[in-house]
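The values are calculated or read from the model by the stated rules, or taken from the named source; none is laboratory data. All of these numbers come straight from a predicted model, not from anything done at the bench. Every residue, glycine as well, gets a Cβ built from its backbone with ideal geometry; the counts of neighbours run over all protein chains shown.
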Amino acid sequence: MSTHQTVVCIDGGKSGLRLLVTDGERREYGVGPGLIYHPHEDGVDRILDSVRDAAAKLAQPPAPAAVVAGLTAVPGDPAHRRLLARRLEEFFGCPALVVEDGLLAHAGALAGVGTVICAGTGTTVLGIGASGRRVKVDGWGPALGDRGSAYAVGLAGMRAATAAHDGTGPATQLADRLTRELGGTDLASLQAFYRDAELVARIAGFAREVVEAADHDAVAGAICDEAAAQLAASAATAASLLPEVGRRVSWSGRFIDPGGPLHTKLAAALAGRGLDLLPPVAGPLEGGPVLLRQEEPYQSLLCIET
């Protein structure tokens with residue numbers, strides 16, 4: 001694929017969808033709603049609605065040569081995934097590649113061999129070796145996994161805050177932060193919280209409060225310690241299951257960006273396991289052109305994805 005051809009790259013997560021149109025020089029972004037599972041849906045229409053919403057925010061309609069979509073809510077049923085690819089092809093008028101968001105993030109962060117910790121609202125750890133073999137750890141979703149994710153940290157912070165309010169747990173400034181987040185601790189505030197259609201994203205958003213408090217609040221600091229330990233354990237597990245991924249570990253998602261306590265704690269936890277935390281080469285959206293080049297270690301994986 002020529003570097004001067006226009007491509008559309010889509011990164012769809014639980015908290016939001018981002019769309020990039022680029023020809024190597026021009027870069028334009030659009031955003032759409034997050035991709036949340038709903039009962040009795042295959043997700044195709046909801047994903048397309050979010051893509052259309054993001055595309056509508058562009059200054060000019062794209063005329064791409066190819067589209068790559070990396071999605072948290074990628075349909076697991078092959079027939080539904082093919083349907084989504086066809087619908088994207090119809091909408092953009094070009095071939096479309098649909099993959100899991102972790103693969104797009106890996107291509108952006110490392111563009112090659114190693115392990116990438118995708119930590120945002122959820123958590124997926126993906127290791128890819130030189131042979132194209134891969135190993136995935138976590139990605140179980142908020143009810144069953146997502147260890148060390150923003151959702152897990154936010155939920156732990158909220159629970160610690162309610163325990164402090166009740167007097168069953170240690171005092172923490174997270175208690176006051178939760179009161180502000182809920183707008184109060186009365187029944188009406190709690191009902192409004194539980195009725196929020198974006199409850200998972202809202203709980204994940206409270207992780208910012210926990211991380212901000214971590215350096216001077218023992219409870220928040222302990223929550224971040226646990227999250228870093230869990231993320232490091234998942235990366236170490238990936239490396240042990242597939243030794244060819246080596247020691248290189250990077251990340252995707254602002255949740256682990258440098259400058260915060262979680263990044264420092266994660267780097268230390270990985271070093272204690274003999275792994276190196278490297279800054280990402282680029283973000284997930286930049287992983288699209290990497291995948292479109294159909295080079296190893298991704299080429300064989302794309303055959304499996306499609």
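Laid out as a table, the results:
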| item | result |
| --- | --- |
| All positions within the range 121-132 that are modelled with pLDDT of 95 or more and surrounded by fewer than 24 Cβ atoms within 10 Å (Cβ to Cβ) | GLY129 |
| Conditions (1) in contact (Cβ under 8 Å) with a residue 60 or more places away in the chain; (2) in contact with a Leu (Cβ under 6 Å, 6 or more places away or on another chain): number failed by SER189 | (1) |
| Test: residue in the range 154-168 that is buried (at least 24 other Cβ atoms within 10 Å of the Cβ) and assigned to a loop (DSSP other than H, G, I, E, B) | no |
| Of all residues in the range 244-262 being at pLDDT below 95 and assigned to a helix (DSSP H, G or I), the one that is nearest to GLN230 (Cα to Cα) | LEU262 |
| Residues within the range 97-132 that are in contact with a helix residue (DSSP H, G or I) (Cβ under 7 Å, 6 or more places away or on another chain) and assigned to a loop (DSSP other than H, G, I, E, B), tallied | 9 |
| Selection within the range 72-96 - touching a helix residue (DSSP H, G or I) at 6+ places or on another chain (Cβ under 9 Å) and small (Gly, Ala, Ser) | ALA73, ALA96 |
| THR172 being outside any helix (DSSP H, G or I) and modelled with pLDDT of 95 or more | yes |
| Which numbered condition ARG133 misses (of (1) under 20 Å from LEU291 (Cβ atoms); (2) in contact with a Leu (Cβ under 7 Å, 6 or more places away or on another chain); (3) free of Cβ contacts under 8 Å to residues at least 40 places away in the same chain) | (3) |
| Extreme residue, nearest to GLY122 (Cα to Cα), among residues of the range 169-201 that are touching a Gly at 6+ places or on another chain (Cβ under 8 Å) and surrounded by fewer than 19 Cβ atoms within 10 Å (Cβ to Cβ) | GLU198 |
